[in-house]
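Nothing in this text is a laboratory measurement; each read-out follows from the coordinates by a stated rule. No experiment lies behind these values; they were computed from the predicted model shown. FYI the Cβ positions are ideal-geometry reconstructions off the backbone, even for glycines, and counts take in every protein chain you see.
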2 protein chains.
Amino acid sequence: MVTRQQLAQRPGRTRAERGSISAEQILAGAKALAQEIGLDALSMPRLAAHLGIGVTSIYWYFRNKDALIAALTVDAARSFHPLIVPAAEGTWQDSLFETFTRLREAMRADDLACDLLFMRGARAGEDALAYFWPGAEAGLARMVAAGFTPAEALQNITILSLYNRGCVVLERQMRRAGVAPDVPTPVPADYPLLSAALEHQNTRGVSDEAHAAQLRAIIEGMALRLDARKAAHP
Amino acid sequence: MVTRQQLAQRPGRTRAERGSISAEQILAGAKALAQEIGLDALSMPRLAAHLGIGVTSIYWYFRNKDALIAALTVDAARSFHPLIVPAAEGTWQDSLFETFTRLREAMRADDLACDLLFMRGARAGEDALAYFWPGAEAGLARMVAAGFTPAEALQNITILSLYNRGCVVLERQMRRAGVAPDVPTPVPADYPLLSAALEHQNTRGVSDEAHAAQLRAIIEGMALRLDARKAAHP
DNA sequence: ACCTGAACACCGTTCAAGT
DNA sequence: ACCTGAACACCGTTCAAGT
């Protein structure tokens, strides 16, 4: 047990010089510490100790803890924007598949970003949203070239985004709860269809194979709908 | 400002009689209080004051706050299980559409359940999962009768569940952040496709119309995939 | 067996003060 | 202008005690 007084009076802690602290440093320290101990465990005293400064010094750069979290959220959103750019080659189907596979993988590898962007976190803000536009526009262009209207193309992106968000949130919850993803769900024999279907699937997460298959199924459905519309109104 | 001492020493507060407190009462009080002030603001002292008992009395019935939250989560999961039952009549498409429309509406009307089941919350536990099985089995049966394999049918349900979860989480986040859902997203003119598509859509939530259209699009894609497979392997 | 307050180690934030 | 500790109202939890 380390009390707050002990933290502040740690040997080797001297008063920080004027100008020796910056908002960027605090933010970087908060990010590193949150990645280490988890967003829930991040506290102002812990952060101050991590940075070797007084607790209240943080308040000169961030109005309160919410403002600090908001800044972390914007940072997380920004770090994901390069992932939105669709591949230069291939069909619109492949492009969507790759983009959303990449996004899920990145999210799964970054619990902090997950928590900030999807779980408890604040919004990233309009400015962070702007980072996503170039990639989204390029993705839309692909689909419009294939025959979708802009509204249909955006609907496709929205569906895949929301599906992916659902995946990411479910997986994050399971990880947080410490549930092993590959343990099969036991189903009583009263439910023959469920039993049959769950033999090679489970409810505690989405395996890479299942995610890939589901993405492909959704995208194939979009392609078939486009074909059907083209056939109806040639 | 009401201090903890003042809470405990409120006039009219007498020592509760033996057997006058029950786990059910505490749970009901916690649920009501959390619905009123929000899950984040729920604290043991606040709950005790709400129930008119001493703070530490809660600990006789629940090992700690996590256990209390877990019980709330199971309760929330259980209250949703009647919503899973598919309608008795109509196509499998209509049945899926109605079920997931109903679920989203119920979730949007219940912030507490949202927070417990999807956001920060713990898992509901395997026993709560069992409540979903009868409805899921009935839904699977519909689709299998239409020609899907059990695995395909479960994939369909999974896709819609994850899509819906994504919707619900996004909407909860916007509500929490106090963002008005119908304010259109401003897009600079550099992105003509996005601008065109966002004229009748927005990024701050999913309108009822958009949700309905997206559900229908996903389900129609499933139907077309089934047709295509039947045509290929008659 | 059941209910309790005192006590403890935390937390976020304000404020008056140092440099 | 920037950095600080003391102080305050919280929080979750333990513990020894009441009934």
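Work through the residues other than B:Met222 whose Cβ is under 14 Å from its Cβ and net out their charges, Lys, Arg +1 and Asp, Glu -1.
Numbers: positive: A:Arg216, A:Arg225, B:Arg142, B:Arg216, B:Arg225, B:Arg229, B:Lys230; negative: A:Glu220, B:Asp94, B:Glu152, B:Glu220, B:Asp227.
Net charge in that neighbourhood comes out at +2.
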Using eta = 1.002 mPa s and T = 20 °C, Stokes-Einstein with Kirkwood Rh from Cα pairs puts D for region A:4-63, in µm² s⁻¹, at 181 µm²/s
Charge dipole (the protein assembly as shown, unit charges on Cβ, about Cα centre) - positive-most of B:Tyr163, B:Leu33, B:Met119:
B:Leu33
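Mind giving me the FRET efficiency for A:Ala87 and A:Glu17? R0 is 51 Å, r the Cβ-Cβ distance, nearest 0.05 is fine. All intermediate terms of the calculation are to be shown ahead of the outcome.
Numbers: r = 49 Å, r/R0 = 0.96.
Between A:Ala87 and A:Glu17 the formula returns 0.55.
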Kindly write out, for region A:195-212 in residue order, the coupling ³J(HN,Hα) from the Karplus curve 6.51 cos²θ - 1.76 cosθ + 1.60 (θ = phi - 60°), rounded to whole Hz, with x marking Gly and Pro.
4, 4, 5, 7, 4, 10, 8, 9, 9, 9, x, 10, 5, 4, 5, 5, 4, 4
Work out the mean other chain Cβ neighbour count within 10 Å for the residues of A:115-127 and drop it here as an integer.
3
Straight-distance crosslink candidates among lysines, where the alpha carbon sits under 19 Å from A:Lys65 and sequence neighbours closer than 8 are dropped
A:Lys31
What list of ³J(HN,Hα) couplings, whole Hz, do you get for region B:21-28 from phi and the Karplus terms 6.51, -1.76, 1.60, once you set θ to phi - 60° and write x for glycine and proline?
10, 9, 4, 5, 4, 4, 4, 4
For a test of the definition: using alpha carbon positions, the gyration tensor, and the 1.5 limit on a/c, classify the protein assembly as shown as rounded, prolate or oblate.
oblate
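In deg cm²/dmol, rounded to 500, what helix-only [θ] at 222 nm does chain B give when every DSSP H run of at least 4 residues adds -39500 (n - 2.57) and the total is split over its residues?
Details: 12 runs with 151 residues, N = 234.
Only helices count here, giving -20500 deg cm²/dmol.
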Hey, can you rank A:153-163, B:217-227, A:181-191, B:169-179 by average C-beta count inside 10 Å, highest first?
A:153-163, B:217-227, B:169-179, A:181-191
Quick check: pseudo-label points 7 Å beyond the Cα along Cα→Cβ at A:Asp227 and A:Asp94, how many nm apart are they?
1.8 nm
Expected response for nearest chain A Cβ to the A-B rotation axis, distance in whole Å, is A:Gly221, 1
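What's the local net charge at A:Gly90, with K and R +1, D and E -1, over the other residues with C-beta under 13 Å away? Display every interim value, and only then the final one.
Details: positive: A:Arg142; negative: A:Glu89, A:Asp94, A:Glu98.
Result for the local shell: -2.
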Two pseudo-spin positions, 7 Å from Cα along C-beta at B:Thr185 and at A:Asp190, lie apart in nanometres by 4.5 nm
Using a Förster radius of 30 Å, what is the FRET efficiency between B:Asn202 and A:Asp208 based on their Cβ-Cβ separation? Nearest 0.05, please.
0.40
Based on Cβ point charges of +1 for Lys and Arg and -1 for Asp and Glu, what charge dipole magnitude is obtained for region B:125-234 about its Cα centre, in debye rounded to the nearest 20?
120 debye
How tilted is helix B:133-146 with respect to the longest principal axis of chain B? Cα atoms for both, answer in degrees (0 to 90, nearest 10).
0 degrees
Once you keep just the Cα pairs under 8 angstrom separated by 6 or more residues, what percentage relative contact order results for chain A?
16 percent
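How much FRET efficiency would the formula 1/(1 + (r/R0)^6) give for B:Arg175 and A:Thr149, where r is the Cβ-Cβ distance and R0 is 25 Å, rounded to 0.05? Present the calculation step by step, with values, prior to reporting the outcome.
Values: r = 30 Å, r/R0 = 1.21.
Computed FRET efficiency for B:Arg175 and A:Thr149: 0.25.
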Using a basic spin-label model with each label point 7 Å from the Cα along Cα→Cβ, how many nm lie between B:Gln25 and A:Ser79?
4.9 nm
Under 30 Å Cα to Cα from A:Lys230, which lysines show up? Leave out anything in the same chain fewer than 8 places away.
B:Lys230
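Just flag the GluC sites (Glu not before Pro) in region B:86-164 sitting in loop per DSSP whose Cβ has no more than 10 other Cβ atoms within 10 Å.
On the way: sites: B:Glu89, B:Glu98, B:Glu105, B:Glu126, B:Glu137, B:Glu152; in loops: B:Glu89.
Loop-located and lightly packed - B:Glu89.
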